[in-house]
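Presented below is the structure to which this report refers.
Just so it is clear, none of the values below were taken in a lab; they were calculated from the coordinates. Keep in mind that what you see is a predicted model, and the values were worked out from it rather than measured. Neighbour counts run over all protein chains shown; Cβ positions are idealised from the backbone, glycine included.
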Amino acid sequence: MTVIVMAHNKGGAGKTTSAVHVSGELKPKKALDLDTHKGLSIIHGLRPNDRQIPISIPETQQELVHEISLFKDKEDILFIDCGGFDSDMTRTAVAYADLIIVPAKDSLTERIGLMSFDRVLGEISEIIGQHVEAHLFLCKTNPNKKHYPKLEALLPSFKHIKLMKSRLSYRTQDFEETIETGFGITESVHGRVTAGGKEVISMVEEMLEIVKSR
Ligand SMILES: Nc1ncnc2c1ncn2[C@@H]1O[C@H](COP(=O)(O)OP(=O)(O)O)[C@@H](O)[C@H]1O
Ligand SMILES: [Mg+2]
């Protein structure tokens, strides 16, 4: 079983939107929604009955751990969308994760969010006695911009966050509007050949490579 967690303690970074696109391509056996807005559950609920991705909303840490414990098969993927806040629930999800992915752009508030999340990952590492590593991807960034000097300058100070090669750029049509149907961009007609679709495919490939290399 592989537990993939979308997390960033700051709200509005792009977790839920990215979760729709990534889970649409990844097709996890199940998704868990830890956000108080229940965004991912509501969006997945827009999918037709025969194309549902099963989703649960654990209300307590015990329920979360129980959901994770149900997954025994090595091939199965459990995908968890966290809320934009620090809580025992999100910490538990992170502690059980095989892969933690973190969306962020190079803005001051998101850099502050990342600094705080790196500290939280340090605390979780201490508690579980294992070095927790999270993988940051640029999200909602200009697709034509190659470098982000302020974020790049900050990266070496992180003990638990590494930058991925893949990104999900700022794309109103491909990323913001597609999810109105409940589907990710790579599930829509011709979506796989759009600029956004190609980003999602690369992103999922990189995620699976990281999981395999562990
Ligand atoms: N790649 C993207 N391109 C354009 N807009 C995006 C993208 N990702 C997220 N958004 C928009 O940014 C806002 C916050 O995204 P959301 O997924 O709700 O973040 P979070 O789950 O981290 O709080 C939403 O208005 C969403 O439509
Ligand atoms: Mg969200």
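Restricting attention to segment 1-29, the residues that are among the β-branched types (Val, Ile, Thr) and either in a loop (DSSP other than H, G, I, E, B) or within 7 Å of ligand 1 (Cβ to nearest atom) (or both) add up to 2.
When each of 32, 46 is tested for being outside any helix (DSSP H, G or I), farther than 25 Å from residue 142 by Cβ, within 16 Å of ligand 1 (Cβ to nearest atom) and touching a Gly at 6+ places or on another chain (Cβ under 9 Å), the lone residue that passes is 46. Only one of the numbered conditions (1) in contact (Cβ under 8 Å) with a residue 60 or more places away in the chain; (2) among the hydroxyl-bearing types (Ser, Thr, Tyr); (3) away from ligand 2 (no atom under 16 Å from the Cβ) is violated by residue 109, and that is (3).
Of the residues making up segment 31-46, at least one is closer than 24 Å to residue 189 by Cβ, surrounded by fewer than 21 Cβ atoms within 10 Å (Cβ to Cβ) and in contact (Cβ under 8 Å) with a residue 12 or more places away in the chain. Restricting attention to segment 172-197, the residues that are outside any helix (DSSP H, G or I), more than 16 Å from ligand 2 (Cβ to nearest atom) and buried (at least 20 other Cβ atoms within 10 Å of the Cβ) add up to 1. Just one of the listed residues (71, 85) is within 13 Å of ligand 1 (Cβ to nearest atom) and farther than 22 Å from residue 175 by Cα, namely 85. Does segment 142-162 contain at least one residue that is within 16 Å of ligand 2 (Cβ to nearest atom) and either within 29 Å of residue 194 (Cα to Cα) or assigned to a helix (DSSP H, G or I) (or both)? Looking through segment 142-162, none of the residues is within 16 Å of ligand 2 (Cβ to nearest atom) and either within 29 Å of residue 194 (Cα to Cα) or assigned to a helix (DSSP H, G or I) (or both).
Within segment 67-76, none of the residues are within 24 Å of residue 126 (Cα to Cα), away from ligand 2 (no atom under 16 Å from the Cβ), among the small types (Gly, Ala, Ser) and in contact (Cβ under 8 Å) with a residue 24 or more places away in the chain.
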